[in-house]
1. When you check P17 against the structure, is it closer than 28 Å to D325 by Cβ, loosely packed, with under 14 Cβ neighbours inside 10 Å and in contact with a Lys or Arg (Cβ under 9 Å, 6 or more places away or on another chain), yes or no?
2. Could you check, for the stretch 186-198, whether at least one of its residues is under 20 Å from S290 (Cβ atoms), outside any loop (DSSP other than H, G, I, E, B) and modelled with pLDDT of 95 or more?
3. Can T4 be described as hydroxyl-bearing (S, T, Y), out of contact with any helix residue (DSSP H, G or I) (no Cβ under 8 Å at 6 or more places or on another chain), over 25 Å from C318 (Cβ atoms) and modelled with pLDDT under 95?
4. Which of the following residues is touching a residue at least 40 places away in the same chain (Cβ under 8 Å) and either part of a strand (DSSP E or B) or exposed (fewer than 14 other Cβ atoms within 10 Å of the Cβ) (or both): V51, V47?
5. Residues in the stretch 291-305: is at least one surrounded by fewer than 19 Cβ atoms within 10 Å (Cβ to Cβ), under 21 Å from the mean Cα position of the chain (by Cα) and either assigned by TED's automatic domain parsing to the domain that holds L143 or assigned to a helix (DSSP H, G or I) (or both)?
6. Among what's in the stretch 121-174 and is of a type in the set (D, E, K, R) and part of a loop (DSSP other than H, G, I, E, B), pick the residue that is farthest from A250 (Cα to Cα).
7. Looking at L283, is it assigned to a loop (DSSP other than H, G, I, E, B) and either modelled with pLDDT of 90 or more or not basic (K, R) (or both)?
Amino acid sequence: MSQTQPLLLRQLQPGQPAECFARLTERVAGQTRDGKPYFSCTFRDKVRMAVAKIWADHALFARCAAEWEPGQYYRLRAIYSEHDRYGPQLDVLQLRPITDADREAGFRESDFVERSRFDSEAMFVELRDLAQSTITDEPLRQLVVLLLDRHADVIKLLPAHPRAFFPFPGGWLEHTLSVTRSALWLTERYLAHYPELVPPLNRDLIAAGAVLHEIGRVAELVPGEPDASGGATDGSGVGFTVLGQLFGPAFLARDLVRDAAREIENLNPELLLLLEHLIVTHLTLPEWGSPRLPAIPEVLILHHADDLDAKLEMYTRCLLNDSSDGPFTASDAVLKRRLLKQRTV
């Protein structure tokens, strides 16, 4: 490595070899079509994420296999590029772990830790109070509050999604609180618009579903731990449990709700069944992770509140974090597109 001042990953410009600090957040082993091994390594800082392919004939392949540890910080010499389909890419030329000398040169862990803009403790209290004040069915309200309280410590640390939207500590709460507010607003709008619907849209059901629609993450993800293959999944270091990899958040959420419901007296079994359906089908499409299509209208309200909140956060984060030249952002690895950023209106 040279004696030049390293950059942050987000400061790299396409095509120019440069040194930077980055965190290795994922190292996934794979094989090419002809059976040759390779590693797909994800590096990131607080803003940018880029993938480096380390092929079998790469000079650093043996070191990658034996020494590179997900969750660790490194100083790299690399060439950055932006692929229209695969997003930001790195051609790693040299790599070594961070040293005390790097700290003197400006390395700070805080440059790599993204968090919600809002306080997790305050968001948890607000979400819990919202459930208490809006769910009128007492046993259903008890069920929702029980699950929130039981998993409060983990909930405050979780992202909403390990990679795509709100992928940082506090993201689960920020997203869930926003979805619940929007879903309740939409419910009032459509209750008034369809007064002839019998039975009417169930406001309690939608509120409970909104609060619990991502509760499966508490069984799927482990904050600050590597996943089962040894690689962390994002900048916050969140990892997957064995159950998370086997079943995913929708089925885990249903199991959590069903198990907790056994502790609640006088809980309406039909209401519980509909809540389970709401949670399992709120993604609406099999390719998005929904095993069944929605069979009740309440799912539509939750789905669109959830999808809008997730997509808008992804768009906003892409626009705010982009540092590329030109009228469009760099191709976003998650959105798989470029966004127009130079506007006057």
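The values are calculated or read from the model by the stated rules, or taken from the named source; none is laboratory data. Quick caveat, the model's predicted, so the values are computed rather than measured. Cβ placement follows ideal geometry from the backbone for every residue including glycine, while neighbour counts extend to all protein chains displayed.
1. It is true that P17 is closer than 28 Å to D325 by Cβ, loosely packed, with under 14 Cβ neighbours inside 10 Å and in contact with a Lys or Arg (Cβ under 9 Å, 6 or more places away or on another chain).
2. yes
3. Numbers: hydroxyl-bearing (S, T, Y): yes; out of contact with any helix residue (DSSP H, G or I) (no Cβ under 8 Å at 6 or more places or on another chain): yes; over 25 Å from C318 (Cβ atoms): yes; modelled with pLDDT under 95: yes.
Spelling it out, T4 is indeed hydroxyl-bearing (S, T, Y), out of contact with any helix residue (DSSP H, G or I) (no Cβ under 8 Å at 6 or more places or on another chain), over 25 Å from C318 (Cβ atoms) and modelled with pLDDT under 95.
4. Exactly one residue qualifies, and that residue is V51.
5. Narrowing the stretch 291-305 to residues surrounded by fewer than 19 Cβ atoms within 10 Å (Cβ to Cβ): 291-293, 295-297, 300, 304.
Imposing the further condition that a residue be under 21 Å from the mean Cα position of the chain (by Cα) reduces the set to 291, 304.
Among the residues that remain, those that are also either assigned by TED's automatic domain parsing to the domain that holds L143 or assigned to a helix (DSSP H, G or I) (or both) are: 291, 304.
Yes, the stretch 291-305 has at least one match.
6. Step by step, filter the stretch 121-174, then rank; the result is D137.
7. Yes.
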